[in-house]
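The values are calculated or read from the model by the stated rules, or taken from the named source; none is laboratory data. Quick caveat: nothing in here was measured; it's all calculated off a predicted structure. So basically every Cβ, Gly included, is an ideal-geometry build from the backbone, and we count neighbours across all protein chains shown.
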Amino acid sequence: MSLARTLRTSSTTTRSATATTRKRRSAVVMMVAVIGTLLGTLLALAPAANASPVTVGLPATRAQINPVWLSAPHHDYPAVDLPLPAGTTARALFNGKVAWVGYQAGGCGYGVTLTATTADGRNLEATYCHARSLPALSTGQLVRAFEPVLSVGSTGASSGPHLHIQVKRNGVKVCPQPALRAAWAGTTYDFNNAPTSGCTY
């Protein structure tokens, strides 16, 4: 074989190898792009690791509530005071079991505490205060969202009839206002997102 022919053959082989390499690189790039798109889609569809939405209910009927109240700040610490008239049936914010029902002098007055555990293991606690009399509930009783918990009054540290609601997540007070607004909107609420500040004055 002549030197010229050998060089032409070598050049052809090199071009062929180069073309093959480019095709392989193009295929790899395309595959990576496809995998990236699939992963992005899966991540977008998958729920957040801590997502644990809870069914929430209004603490009274819509006709009895001014939606402005659901964003009103509370004095001193995360909670909410709803100026419902005496005798109004107050209702549970979320499903829970009665952990306490009784009277607390100089504070809650007649009240009740419901506890629940979310799907991701968080402990929720909601305390309802200032009932006009001892709530007709028993320790361990299951109460569902929007079911009656007490009759609004002004017992304990209260200057007038209203419903006081305090919510805790794993023992820490959180703002109940976002959950109340979710109940007004008819949606669930994830208490993992409940803030621990920003709802006081």
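How many residues does the range 191-201 contain that are under 11 Å from the mean Cα position of the chain (by Cα) and surrounded by fewer than 21 Cβ atoms within 10 Å (Cβ to Cβ)?
Of the residues in the range 191-201, 3 are under 11 Å from the mean Cα position of the chain (by Cα) and surrounded by fewer than 21 Cβ atoms within 10 Å (Cβ to Cβ).
Within the range 124-131, does at least one residue satisfy the condition of being at negative phi, in contact with a helix residue (DSSP H, G or I) (Cβ under 7 Å, 6 or more places away or on another chain) and assigned by TED's automatic domain parsing to the domain that holds GLN104?
Yes, the range 124-131 contains at least one residue that is at negative phi, in contact with a helix residue (DSSP H, G or I) (Cβ under 7 Å, 6 or more places away or on another chain) and assigned by TED's automatic domain parsing to the domain that holds GLN104.
Restricting attention to the range 69-96, and to residues there that are polar (S, T, N, Q) and in a loop (DSSP other than H, G, I, E, B), which single residue is farthest from SER158 (Cα to Cα)?
For the range 69-96, the residue satisfying everything is ASN95.
Write out, first by first residue and then by second, each pair whose Cβ atoms fall under 6 Å of each other, whose residues are 6+ apart or on separate chains, and whose first residue, in the range 153-174, is touching a residue at least 40 places away in the same chain (Cβ under 8 Å) while the second is aromatic (Phe, Trp, Tyr).
Pairs that qualify, where the first residue is touching a residue at least 40 places away in the same chain (Cβ under 8 Å) and the partner is aromatic (Phe, Trp, Tyr), are THR155/TYR110; ILE165/TYR128; ARG169/PHE191; LYS173/TYR77.
For the range 100-137, which residues satisfy the criterion of being surrounded by 15 or more Cβ atoms within 10 Å (Cβ to Cβ) and either of a type in the set (D, E, K, R) or in contact with an Asp or Glu (Cβ under 7 Å, 6 or more places away or on another chain) (or both)?
Of everything in the range 100-137, those that are surrounded by 15 or more Cβ atoms within 10 Å (Cβ to Cβ) and either of a type in the set (D, E, K, R) or in contact with an Asp or Glu (Cβ under 7 Å, 6 or more places away or on another chain) (or both) turn out to be THR113, THR115, ARG122, GLU125, ARG132.
Find all pairs meeting these conditions: Cβ atoms under 7 angstrom apart; at least six residues apart or on different chains; first residue within the range 176-187 and farther than 10 Å from VAL54 by Cα; second residue in a helix (DSSP H, G or I).
If the second residue must be in a helix (DSSP H, G or I), the pairs left are GLN177/LEU70; GLN177/SER71; LEU180/LEU70; ARG181/LEU70; ARG181/SER71; TRP184/PRO67; TRP184/LEU70.
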